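Notes follow the structure.
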Amino acid sequence: MDTIVGLGKAGCAIADKFCAYPQYKTYKIDSEGIDGKSKNCFLLQRQDAPEEYEKNIRTMKSFFKDTTDDVLFVVSGSGIVSGAALQVLKSLQGKNVSVLYIKPDLEFLAKTNIYQERLVRNVLQEYTRSGVFNRMFLVDNKKVENILGDVPIVGYYDKLNELIVSTIHMVNVYNHQDPIHSTPFDTSETTRISTFGILDIDKGEENLFFSLDNIREKSYYYAINSKVLETDGKLLRRLTDNINKNVGKDVSAGFQVYSTSYDENYGYLVVNTEKTNN
């Protein structure tokens, strides 16, 4: 996921957070709030309904001509601009596309927005399950808020997006590094619906960004201080005990351990399922 494509207000906000890391090339698409003359920004003509976005958007292949092969498409389905999602994704055909879907707090949304959110989420999930997209990562803003604890109104979404993006970034970084210790782990072709999570290594607690149904696979990433790795003779047993505590009999799991210079130890998690109804 070297290229990040954000659609709509939430998608563009996530894309902005990825700009903090030089590894990524970001693109933003919306009908407001962005400068259509800026590089890698595409200003859509504003429409009155999601169906109008899908019907009126033209091909964007020239806009995406410099994207890398691996693309992460970011969208939240509650806004009407999400109606453009499939047309934007059609312009990315031939790329290795994964979807990052941000589920908003539905409590105070209008009925039409709630319907649109469910429609977009379910359609993207079905396309992913059929193999059109490599993977779909689901994130629930309410779950992320619960992980953070008390989040002030000012900067609320900034705090949520920072945790989401930093977690994805670290998983991506470690996927491109050799661990100092790992266990064999293969993902199934059918388990394409996923979410991220963070770990409390000492307590063995897992905090997922979305409540998935029927989890089938868990992949653990441990970033451990190098001195701890050299001196703590009980660490490996503690890590494996925590994994066994959190993995059911029908779930396959694997883990990787990475040496870091950080003072604190960090843990990340990716879980996969075949389908979720949440």
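The values are calculated or read from the model by the stated rules, or taken from the named source; none is laboratory data. Only a predicted model underlies this, so the values are computations on that prediction, with no experimental measurement involved. Ideal geometry is used to build each Cβ from the backbone, glycine not excepted, and the neighbour counts take in all protein chains shown. The accessibility values were calculated without ligands, DNA or RNA, using every heavy atom of the protein model including side chains. Shrake-Rupley method; radii C 1.70, N 1.55, O 1.52, S 1.80 Å.
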- Message: Quick test of your reading of the structure: Asn244 fulfils all but one of (1) loosely packed, with under 13 Cβ neighbours inside 10 Å; (2) assigned to a loop (DSSP other than H, G, I, E, B); (3) of a type in the set (S, T, N, Q). Name the failing condition by number.
- Response: (2)
- Could you grab the pairs with beta carbons closer than 9 Å, sequence gap of 6+ or different chains, first residue in the range 99-116 and within 24 Å of Met136 (Cα to Cα) and free of Cβ contacts under 8 Å to residues at least 60 places away in the same chain, second one surrounded by 14 or more Cβ atoms within 10 Å (Cβ to Cβ) and of a type in the set (Ser, Thr, Tyr)? Val99/Tyr127; Val99/Thr128; Tyr101/Ser76; Leu106/Ser78; Leu109/Ser78; Asn113/Ser78; Ile114/Ser78
- Task: Kindly provide the set of residues from the range 88-129 that are exposed (fewer than 14 other Cβ atoms within 10 Å of the Cβ) and assigned to a loop (DSSP other than H, G, I, E, B), ordered by number.
- Result: Gln93, Gly94, Asp105, Glu107, Phe108, Ala110
- Message: Being open to solvent by 20 Å² or more (accessible area, probe 1.4 Å), under 28 Å from Tyr156 (Cβ atoms) and within 18 Å of the chain's Cα centre (by Cα) narrows it down to one residue among Ala85, Ala13; which is it?
- Response: Ala13
- Query: Within the set of pairs 6+ apart or on separate chains, which have a first residue in the range 17-39 that is modelled with pLDDT of 90 or more, a second that is open to solvent by 40 Å² or more (accessible area, probe 1.4 Å) and of a type in the set (Ser, Thr, Tyr), and C-beta atoms under 8 Å apart?
  - Reply: Lys25/Thr68
- Query: Looking at Val165, is it touching a Lys or Arg at 6+ places or on another chain (Cβ under 7 Å), under 29 Å from Ser226 (Cα atoms) and open to solvent by less than 70 Å² (accessible area, probe 1.4 Å)?
  - Reply: yes
- Message: Let me spell it out: the conditions are (1) polar (S, T, N, Q); (2) open to solvent by less than 20 Å² (accessible area, probe 1.4 Å); (3) under 26 Å from Gln125 (Cβ atoms), and Thr260 meets all of them except one. Which number is the exception?
- Response: (3)
- Message: Of all residues being out of contact with any Ser or Thr (no Cβ under 8 Å at 6 or more places or on another chain), open to solvent by less than 40 Å² (accessible area, probe 1.4 Å) and of a type in the set (Val, Ile, Thr) in the range 171-203, which is farthest from Met136 (Cα to Cα)? Just the residue, please.
- Response: Ile201
- Task: Could you tell me whether any residue of the range 228-250 is at pLDDT below 95, in contact with an Asp or Glu (Cβ under 8 Å, 6 or more places away or on another chain) and over 18 Å from Ile147 (Cβ atoms)?
- Result: no
- Message: Given the criteria open to solvent by less than 30 Å² (accessible area, probe 1.4 Å), in a strand (DSSP E or B) and more than 23 Å from Lys143 (Cβ to Cβ), does Tyr27 qualify?
- Response: yes
- Task: Kindly check whether there is at least one residue in the range 153-161 that is modelled with pLDDT of 95 or more, touching a helix residue (DSSP H, G or I) at 6+ places or on another chain (Cβ under 6 Å) and not basic (Lys, Arg).
- Result: yes
